[in-house]
Amino acid sequence: MKRSTSSISVLIVDDHRILRDGLKASLEKDKKISVVHEAANGREAVYLAEKFCPDIVIMDINLPDCTGIEATRQILSSNPAIKVLCLSMHTDKIHVTGMMKVGAAGFLTKTCSTAELARALHKVASGASYICDEVIDSVLDMVRTPLNHKEPPLKNPLSRRESQVLKLIAEGHTSATAAEILRISTRTVEQHRKNIMSKLGIKKTALLTKFAIRQGVTFVE
């Protein structure tokens, strides 16, 4: 099929090959969209985005090595001209706002139709944003929240290693992937997690993640 020279180049990032294959086959029916590359994990996505500079990256959140949120942050930090459109099964506020805060241009759920995804790609390519109906409330809540509305800053209650672990938890890493990144054992990560929750007086991991995101993880550099 002959492609327009002005077609939208797309990088698909998802750890399920069958989904990538399906998306590619469906999207390439649109003569103005060209799927140029595919990535199965976050690190590969960052590498391919830097090397080939696609117009848009279709990004999943749950990835085996680094989360879609972190991959998006790295991609846009390296090349702000690239647009990232999140395509995820998650609709909770933490994941939605996490993606939008690192600069995603849009958010769709995996229940969307191919036609809606194509519309979103065209809209994002034109410089606009695209938010599906399922998550619009979460995005509006984020916009309505005053910029200075944050949890009180921490007074260094955590060790440097605990701070690193907290940052990875906030980015959605499992204990296993956090251990790999920090080059320590999974058991050690779990112990750091327990220590963090004890020091902060937080009993559930979901609340710990929410707390870290609201802090902007600025204290875990």
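Where does each of Phe107, Phe52 land when they are ordered by accessible area, with a 1.4 Å probe and the largest first?
Accessible-area ranking of Phe107, Phe52, largest first: Phe52, Phe107.
Principal axis extents for the stretch 20-134, Cα atoms only, whole Å, descending order, please.
32, 30, 26
When the accessible area of the stretch 8-118 is computed with all protein chains present and a 1.4 Å probe, what percentage of it is carbon and sulfur?
The computed percentage sits at 53.
At 1.4 Å probe radius, can you tell me the per residue accessible area of the stretch 1-115 in Å²?
47
DSSP loop trypsin sites (Lys or Arg not before Pro) in the stretch 1-81 with at most 11 other Cβ atoms within 10 Å of their Cβ, which ones?
Lys2, Lys29, Lys31
State the Kirkwood hydrodynamic radius of the stretch 1-55 in Å, one decimal place, computed from all pairs of distinct Cα atoms. Let's see the in-between values first.
Details: mean 1/r = 0.0869 Å⁻¹.
Result for the stretch 1-55, one decimal place: 11.5 Å.
How much length, in nm to one decimal, is gained on full extension between Ser6 and Glu116, taken as 0.36 nm per residue of separation minus their Cα-Cα distance?
Computed gain between Ser6 and Glu116 is 37.5 nm.
So if each residue of separation counts as 0.36 nm, and I subtract the Cα-Cα distance between Ile184 and Lys199, what length gain in nm does that give? List each step's numbers first, then the result.
Details: separation 15, 0.36 × 15 = 5.40 nm, distance 2.11 nm.
Full extension from Ile184 to Lys199 adds 3.3 nm.
For the stretch 81-94, in order, what is each residue's ³J(HN,Hα) by Karplus, 6.51 cos²θ - 1.76 cosθ + 1.60 with θ = phi - 60°, in whole Hz (x at glycine and Pro)?
6, 6, 9, 10, 10, 7, 10, 9, 7, 7, 10, 6, 4, 4
Quick check on my link table: of Lys29/Lys110; Lys101/Lys123; Lys31/Lys51; Lys32/Lys93, which ones sit more than 21 Å apart, alpha carbon to alpha carbon?
Lys31/Lys51; Lys32/Lys93
The values are calculated or read from the model by the stated rules, or taken from the named source; none is laboratory data. Values in this document were obtained by computation on a predicted structure and should not be read as measured data. As a convention, Cβ positions derive from the backbone with ideal geometry for all residues, glycine included, and neighbour counts pool all protein chains shown. We work out accessible area using only protein heavy atoms, side chains counted, and drop any ligands, DNA or RNA first. Shrake-Rupley method; radii C 1.70, N 1.55, O 1.52, S 1.80 Å.
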